[in-house]
Structure formats: C-alpha cells, structure tokens
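The values are calculated or read from the model by the stated rules, or taken from the named source; none is laboratory data. This is a predicted model, so every value here is computed, not measured. Methodologically, a virtual Cβ is constructed for each residue, glycine included, from the backbone with ideal geometry; neighbour enumeration extends over all protein chains shown. For the accessible areas, the whole protein counts, side chains as well, though only heavy atoms, and no ligand, DNA or RNA atoms are used. Shrake-Rupley method; radii C 1.70, N 1.55, O 1.52, S 1.80 Å.
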Amino acid sequence: ETYVIIQDPFNNCGGNPISVAGQLKTEPLSGDQGIEDATVELAGTPPNGLPDISALDISDDAGAYLFSNYLPLSTDYTVTPVKDDNPMNGVSTFDLVLISKHILGTDPLNSPYKIIAADANKSNSVTTFDIVELRKLILGIYTELPNNTSWRFIDKNFVFSDPSNPFASVPFAENISLGDAQASQMDDDFTGIKIGDLNGSVIANATQVAE
C-alpha cells in the first residue's frame, strides 16, 4: 500500500488559467503606433494563500504583450508598463515652440496626452521650466530627463475629468489593477506618451518610417 498527494499550485482545478494581454500604442493624434520594447510587469496575488506571481514581458513592434495562461482563477493582479530609453526620440526645437504657444495661450495643445508630454519635469503643470529641461536635453547637457521617464503610460480607458487640464485628474491610472479575475483572457491596453514629443514625430517601433 502507498499513497499519493496531488497538489494544484496554480489552481487549475478551480478553473482554466487566465491570460493577460494588451497593446501599448500612441494616441491617435500621434499616429496610433505600437510601442516596441517596453517592459510590462505583471504582479498577481492568487487566492487560497498561493504564492504571489511576478512576471515580465517585452512589447513587440505592434505594441502587444502577452502572459499566456499565467494566472489562476480569481487572482488579483496589476499590469504596469515601463519604457525609459532614447529620451531624444521625437524631441526637437519645434516641440519647444509648441509648448511656448500653449503657455501663452496662442495655440493650446489639443489633447490631454500632449499636455502631459509637455510636462518634462513631471511637476503636474506646463511652464517655461519644462522648456528649459527639454532644451538641456536637446543641447546634450542632459542625457536623460532627471525628474521623468522618457515614456509614460495611461490606461486607455482612463477618462480625464477636464481634457484641457489633465493634471486635474492626478494621479493618472499608470497601471491597471483588477481583483478576482474571472475571464479566460483579460485585455488591458495603454496609451503611451513620449515625453517632449508634441507633434507626433516619435519613432515608436522598428516598422515605422521616419518622415
């Protein structure tokens, strides 16, 4: 006689495992381009005292990421994208002109994402200090923005209370969290904001052709 202990560490017997997928894309006014080579972190807390889950994926040239069959049913999880490279991508003196016009009120920026992109020092406002920071980047005094990452990501479904002043909605939804996940696949999309790029000239993936 003997006995066998069968365990189910991923809770598969309680239901099919859950996949988490989504896309990281620039806003439509900036070309609706997939954002490549962003790091996407998945952090989950499964039910029944199972160990916490942590995983990373890298977005492809369409901005897509996928954690296939990764979470047990009823897991609480958070998805957080990060990309902090090539800060000069899409940044030029023309962007400084656009920020100046926005500050003066002669030609306000026409989307909340562009206004956030203009906030180079991450002060939750757009001022001449942001122009100074970006000018230092263009001149090579900075190799990166000291108080900001080169990209920020916001839940695609996030609604700004005042699109003309997105900072009224601080803190933004820069990750997506869900409790007690039940669907076989969760779709979590983000809008990516290239800091300092106001005219949509950023090259977000290897399939783009520079204008």
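Flag: Tyr65 matches the condition of being under 16 Å from the mean Cα position of the chain (by Cα) and among the aromatic types (Phe, Trp, Tyr).
Within segment 182-193, the set of residues being touching a strand residue (DSSP E or B) at 6+ places or on another chain (Cβ under 6 Å) and either assigned to a strand (DSSP E or B) or more than 20 Å from Lys83 (Cα to Cα) (or both) comprises Gln185, Met186, Asp187, Phe190, Thr191, Gly192, Ile193.
I need the strands (runs of 3 or more DSSP E) fully contained in segment 48-125, keeping only those with at least 1 residues that are of a type in the set (Gly, Ala, Ser) and crowded, with 16+ Cβ neighbours inside 10 Å. If you could, list the steps in order and put the result at the bottom.
On the way: elements: 53-58, 64-71, 76-82.
By residue number, 64-71.
Filtered by the rule that a residue be touching a residue at least 60 places away in the same chain (Cβ under 8 Å), under 23 Å from Gln33 (Cα atoms) and either over 16 Å from the mean Cα position of the chain (by Cα) or surrounded by fewer than 17 Cβ atoms within 10 Å (Cβ to Cβ) (or both), segment 168-184 gives a lone residue, Glu174.
State whether the residues of segment 151-167 include one that is more than 30 Å from Asn16 (Cα to Cα), open to solvent by 20 Å² or more (accessible area, probe 1.4 Å) and outside any loop (DSSP other than H, G, I, E, B). Among the residues of segment 151-167, at least one is more than 30 Å from Asn16 (Cα to Cα), open to solvent by 20 Å² or more (accessible area, probe 1.4 Å) and outside any loop (DSSP other than H, G, I, E, B), which makes the answer yes. Residue count for segment 40-55 satisfying the condition of being closer than 16 Å to Phe190 by Cβ and out of contact with any Phe, Trp or Tyr (no Cβ under 9 Å at 6 or more places or on another chain): 1.
Among the residues making up segment 28-71, a single one is touching a residue at least 24 places away in the same chain (Cβ under 8 Å), of a type in the set (Asp, Glu) and farther than 15 Å from Gln208 by Cβ: Glu41.
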